[in-house]
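Written out below as structure tokens is the structure these notes cover.
The values are calculated or read from the model by the stated rules, or taken from the named source; none is laboratory data. Keep in mind it's a predicted model, so treat the numbers as computed, not measured. Quick reminder, even Gly has a Cβ in these numbers, built from the backbone with ideal geometry, and neighbours come from all protein chains shown. What goes into the accessible areas is simple: the full protein's heavy atoms, side chains included, and nothing from ligands, DNA or RNA. Shrake-Rupley method; radii C 1.70, N 1.55, O 1.52, S 1.80 Å.
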Amino acid sequence: MLKITDLHKTFNPGTINEKTALDGLNLHLKDGDFVTVIGGNGAGKSTLQNAIAGVWKPDYGTIEIDGVDVTHMPEHQRAAFLGRVFQDPMKGTAPDMEIVENLAIAARRGKKRKLVWGVRKAEREEYKRLLETLDLGLENRLTTKVGLLSGGQRQALTLLMASMNKPKLLMLDEHTAALDPKTAAKVLEITDRIVTENKLTTLMITHNMKDAIAHGNRLIMMYDGHIVVDVEGEEKKKLTVEDLLNMFVQASGKEFASDRAILS
Amino acid sequence: MAFLYALPGAVAEGLIWGLMAIGVYISYKILDIADLTVDGSICTGACVCAVLLGAGVPAWLSILIAFAAGALAGVVTGLLHTALGIPSILAGILTQLMLYSVNLLILGGKSLVAIDPRANQLLLHMSNNPGAILSAGIIVAVVIAVLYLFFYTEVGLTLKSTGDNPDMSRAQGVNVKFNQVLGLGIANGIVALAGALLAQYKGSANINDGRGAIVIGLAAIFIGLSVSMKIKPNFVVSLIGVIGGGIVYYIVYNFVILLGLKTDYLKMLSAIIVALFLAVPYLQEEYFSKPKVPHPHGAASGKGDDGHA
């Protein structure tokens with residue numbers, strides 16, 4: 001479904017701020033894979049997602065989604081294949097627009113937008129049903145401006161929007177990191193349900209090792225711009241946080257450099 | 001008494017400036033771009049209209065062509081910004097400067113072209129203020145109706161989201177750059193349309209028309225929204241509020257003139273009004289806000305973005 005070959009990206013080349021964010025990364029996701037991605041700060045996790053999303057072009061290497069080479073495709077065209085949820089709950093929705101308008105825009109991702117009514121009557125009913133599945137009471141607030149929702153509600157809504165039209169790949173970039181633990185757990189629960197129900201191929205970045213182990217069928221660990229650990233299936237199910245920390249030390253020769261990841 | 005006598009004229013002119021402010025509303029409020037093309041494109045609209053009328057083109061057709069000319073100016077600003085990566089505020093200034101030359105060219109090198117109200121069948125003229133109010137009112141109503149329909153289409157919704165949250169828009173497959181060009185085109189088209197109406201109303205097009213138009217537009221927006229947001233914060237009510245803001249602005253303007261203030265100082269007054277409106281939210285936040293109690297849930301409690309767009 002996703003095939004990344006020898007991907008390189010260096011930011012600010014030739015300056016003292018030079019930073020090699022991706023250093024020959026290879027990744028191949030099978031249809032229906034739910035992959036969790038962990039790694040310390042600056043390991044290249046978010047860079048990887050931004051590369052797939054097309055926020056900027058890589059220096060070298062190719063990205064294929066479902067057999068299509070998207071390496072040079074602009075971000076808004078690539079969006080047809082992708083569903084994205086950001087770390088910042090403010091980033092995934094338009095605050096000054098209604099819930100139903102946000103959903104309607106997402107429902108047309110990857111389709112040609114025309115000069116016809118932007119939200120059709122039949123859609124409202126459909127969105128109401130979709131929102132009911134979140135169990136947050138949003139189904140009765142269709143015309144509420146999204147800016148009035150809490151961070152958790154906005155993140156759940158973004159998740160719903162990202163999963164519309166069954167994207168080839170769902171990308172979650174630490175989408176629960178900015179939420180309180182209870183809300184984070186709820187959003188993760190919704191994530192699991194949406195991914196399973198729609199059989200979505202998913203890439204979920206997380207800082208939380210427990211979450212990385214508890215969710216998905218495959219886990220990868222990044223360090224210094226490439227993948228250092230890649231486990232799946234039964235082997236992944238048996239992992240513990242301690243195993244992961246040991247694997248990290250083995251791969252990098254250093255202690256795991258993110259307090260946040262260990263503590264959470 | 002003199003004030004009451006000046007009132008119909010103020011309302012007529014206020015309607016036209018309110019229409020221009022709707023153009024500014026689209027760029028400033030919807031697209032979240034402070035577009036300075038406006039000072040030039042309003043004049044372009046006036047020049048195009050005056051010259052076309054002089055050539056015997058019907059008034060209704062000349063305002064449509066003026067709209068197209070303004071839209072083209074907006075597209076130039078949009079392309080300078082999106083295709084050439086020039087910051088939007090500078091892109092607007094550059095186009096504005098280009099338009100000064102273009103407008104002179106349109107006027108045939110003259111700084112003023114008069115429109116003869118007797119030789120032309122004008123849509124509105126200051127000699128008949130009730131008629132001008134009716135004509136301007138109808139045109140404003142048509143523009144609001146068309147904008148309402150447009151901004152609730154599939155394309156229109158993405159134009160709103162482009163200004164509201166470009167990250168979200170791109171992630172949902174919206175071509176943000178295209179939308180910025182389109183939006184600036186529509187905005188400046190409306191501004192030029194207002195310029196064309198203004199030229200007919202005043203009976204002339206002057207190369208210096210429209211200097212400071214952006215400031216008047218912003219003043220109308222702030223005055224209008226300060227009322228309309230309290231009534232019902234939706235699209236149509238906002239646009240009507242902006243029109244109302246234009247009218248209030250011109251009534252105050254006329255009142256101040258009658259009080260004896262020299263017209264030379266009016267631009268200063270306009271700028272101070274806008275500066276105050278822009279400063280008040282900042283001052284409230286900075287000096288008069290209550291100490292914030294940290295929310296137990298941190299960022300998760302985010303109430304969404306405030307004050308933006």
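Can you give the FRET efficiency to the nearest 0.05 for B:ALA68 and A:VAL116, using r as the Cβ-Cβ distance and R₀ = 41 Å? Can you show the working numbers first?
Values: r = 24 Å, r/R0 = 0.59.
After rounding to 0.05, the efficiency reads 0.95.
How big is Rg to Rh over the stretch A:80-151, alpha-carbon atoms, Rh as the Kirkwood inverse-mean-distance radius?
For the stretch A:80-151, the value is 0.95.
Give the ranking of A:TRP117, B:TRP60, A:TRP56 by solvent-accessible surface, highest area first, calculated with a 1.4 Å probe.
B:TRP60, A:TRP117, A:TRP56
How much accessible surface area, in Å² rounded to 10, belongs to the heavy atoms of A:HIS76 with a 1.4 Å probe?
Approximately 40 Å² of A:HIS76 is accessible to the 1.4 Å probe.
How large a share of the accessible area of the protein assembly as shown, in percent, is made up of carbon and sulfur atoms when the probe is 1.4 Å and the other protein chains stay in place?
Roughly 61 percent of what the probe reaches on the protein assembly as shown is carbon or sulfur.
Taking N as the number of residues in the stretch B:76-223, what value does Rg over Cα atoms divided by 2.2 N^0.38 Å take? Walk me through the numbers on the way to the answer.
On the way: Rg = 18.0 Å, N = 148, 2.2 N^0.38 = 14.7 Å.
Compared with the compact-globule rule of thumb, the stretch B:76-223 sits at 1.23.
Could you tell me what a quarter of the Cα convex hull surface of the protein assembly as shown works out to, in nm² with one decimal place?
30.4 nm²
Based on alpha-carbon centroids, what's the gap between the stretch B:29-84 and the stretch A:136-204 in Å, whole number please?
Centre-to-centre distance over Cα atoms comes out at 43 Å.
Step through the residues of the stretch B:98-106 one at a time and calculate ³J(HN,Hα) from phi using the Karplus curve (6.51 cos²θ - 1.76 cosθ + 1.60, θ = phi - 60°), rounding each to whole Hz and writing x for Gly and Pro.
4, 5, 4, 5, 4, 5, 4, 4, 4
Going by accessible area, probe 1.4 Å, with all protein chains left in place, what is the ranking of B:TYR282, B:TYR5, A:TYR223, largest first?
In descending accessible area the options line up as B:TYR5, B:TYR282, A:TYR223.
Rounded to the nearest 100 Å², what's the accessible area chains B and A bury against each other, both chains counted, probe 1.4 Å?
Counting protein atoms only, the buried area is about 2900 Å².
Shape verdict for the stretch B:1-103, please, from the Cα gyration tensor: rounded (a/c under 1.5), prolate (a/b greater than b/c) or oblate.
Since a/c reaches 1.5 but b/c is at least a/b, the shape of the stretch B:1-103 is classed as oblate.
As a test of the formula, what do you get for the protein assembly as shown when each DSSP H run with n ≥ 4 contributes -39,500 (n - 2.57) and the sum is divided by the residue count, at 222 nm and rounded to the nearest 500 deg cm²/dmol?
Working: 21 runs with 305 residues, N = 573.
Mean residue ellipticity, 222 nm, calculated: -17500 deg cm²/dmol.
Which value results when the Cα radius of gyration for chain B is divided by 2.2 N^0.38 Å?
Taking the Cα Rg and dividing by 2.2 N^0.38 Å, one obtains 1.03.
Please list 3J(HN,Hα) in residue order for the stretch A:170-180, calculated via the Karplus relation 6.51 cos²θ - 1.76 cosθ + 1.60 where θ = phi - 60°; whole Hz, with x for glycine and proline.
Along the stretch A:170-180, the couplings run 9, 10, 10, 9, 6, 6, 10, 5, 8, 9, 5 Hz.
Quick one: which residues, 5 or more positions from A:ILE227 or on another chain, have an amide H under 5 Å from its amide H? H modelled 1.01 Å from N in the peptide plane, none for Pro or chain starts.
A:ASN26
Could you give the nm distance between label points at A:LYS30 and A:LYS3, where each point is 7 Å from its Cα heading toward the beta carbon?
So the label points at A:LYS30 and A:LYS3 sit 1.6 nm apart.
With unit charges on the beta carbons (Lys and Arg positive, Asp and Glu negative) and the dipole taken about the Cα centre of the protein assembly as shown, which residue among B:VAL76, B:TYR249, B:HIS125 sits farthest to the positive side?
With unit charges placed on the Cβ atoms, the residue in question is B:HIS125.
Kindly identify the stretch A:1-129 as rounded, prolate or oblate by the Cα gyration tensor criterion: order the square roots of the eigenvalues as a ≥ b ≥ c, call it rounded if a/c is under 1.5, otherwise compare a/b with b/c, prolate if a/b is larger, else oblate.
It comes out prolate by the Cα gyration axes.
If you put +1 on each Lys and Arg Cβ and -1 on each Asp and Glu Cβ, how big is the dipole of chain A around its Cα centre, in Debye rounded to 20?
Numbers: 36 positive and 36 negative charges, 234 e Å.
About 1120 debye.
Would you mind checking the stretch B:43-63 for residues with the amide N under 14 Å from a putative spin-label position 7 Å along Cα→C-beta of B:ASP116?
B:53-57
Please find, in a Gaussian network model of chain B (springs between Cα atoms separated by less than 10 Å), the residue of B:PHE235, B:PHE288, B:PHE255 whose mean-square fluctuation is greatest.
Its mean-square fluctuation being the largest, the pick is B:PHE288.
Peptide A:107-120: average number of partner chain Cβ atoms within 10 Å per residue?
Rounded to a whole number, the mean comes out at 4.
Compute a Gaussian network model of chain B, connecting alpha carbons closer than 10 Å, and tell me which residue from B:ILE144, B:ILE257, B:ILE186 fluctuates the most.
B:ILE257
Amide H to amide H under 5 Å from A:THR202: which residues, 5+ apart in sequence or cross-chain, H placed 1.01 Å off N in plane?
Residues meeting the criterion, in which the H sits 1.01 Å from N, are A:ASP33, A:PHE34, A:VAL35, A:LEU170.
Of A:LEU239, A:LEU48, A:LEU115, which has the largest mean-square fluctuation in a 10 Å C-alpha GNM of chain A?
A:LEU115
With a 1.4 Å probe and every protein chain left in place, work out the accessible area per residue of the protein assembly as shown in Å², rounded to a whole number.
I get 45 Å² per residue for this part.
Accessible area, 1.4 Å probe, largest first: how do A:GLU64, A:GLU139, A:GLU126 sort?
If we order A:GLU64, A:GLU139, A:GLU126 from most to least accessible, we get A:GLU126, A:GLU64, A:GLU139.
If I model chain A as equal point scatterers sitting on the Cα atoms and use the Debye formula, what is log10 I(q)/I(0) at q = 0.16 Å⁻¹?
For the requested q values the scattering log ratios are -1.25.
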